[in-house]
Amino acid sequence: MAERFNVNENRLEHLSELMADARLGKRKMSSKQHKEYLNLKAAYNGFAKDYDLQQTLKVISHIETLALTESATSADLIRLAVLKDKILDE
């Protein structure tokens with residue numbers, strides 16, 4: 001798992017640089033790369049934060065509320081899945 005996470009982290013860094021260049025107009029970013037960037041960012045944020053159980057449950061509750069009101073983005077839903085998986089593994 002750790003090796004795969006490091007590969008994803010390196011890919012996230014690459015896509016972050018590409019996103020910054022795209023904002024400046026230096027390079028273009030495809031919609032597939034943008035979606036991958038959002039997915040990796042959501043997954044990375046889900047693992048990077050060392051929430052205790054109470055904080056994790058608050059975040060899950062908040063994202064579920066967003067999902068019910070159809071205000072959640074795809075990145076929010078991915079983060080929700082990552083956080084739920086993190087709780088089930090513990």
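The values are calculated or read from the model by the stated rules, or taken from the named source; none is laboratory data. If you're wondering where the values come from, they're calculated on a predicted model, not measured in any experiment. Note that we place each Cβ from the backbone using ideal geometry, even for glycine, and neighbour counts take in every protein chain shown.
Considering each residue of region 1-15, count those that are modelled with pLDDT of 80 or more and exposed (fewer than 14 other Cβ atoms within 10 Å of the Cβ), and give that number.
2
Is at least one residue of region 32-41 surrounded by 14 or more Cβ atoms within 10 Å (Cβ to Cβ), touching a Lys or Arg at 6+ places or on another chain (Cβ under 7 Å) and modelled with pLDDT of 80 or more?
Looking through region 32-41, none of the residues is surrounded by 14 or more Cβ atoms within 10 Å (Cβ to Cβ), touching a Lys or Arg at 6+ places or on another chain (Cβ under 7 Å) and modelled with pLDDT of 80 or more.
If the Cβ limit is 8 Å and pairs must be 6+ apart or interchain, which residue in region 60-73 that is on the phi < 0 side of the Ramachandran plot pairs with which residue that is surrounded by 14 or more Cβ atoms within 10 Å (Cβ to Cβ) and not hydrophobic (A, V, I, L, M, F, W, C)?
Short answer, once both residue conditions are applied: I60/K84; I63/D76; I63/R79; L66/D76; A67/D76.
Can A75 be described as surrounded by 13 or more Cβ atoms within 10 Å (Cβ to Cβ) and either at pLDDT 80 or above or not hydroxyl-bearing (S, T, Y) (or both)? Reasoning before the result, please.
Values: surrounded by 13 or more Cβ atoms within 10 Å (Cβ to Cβ): yes; either at pLDDT 80 or above or not hydroxyl-bearing (S, T, Y) (or both): yes.
When the stated conditions are applied, A75 passes them.
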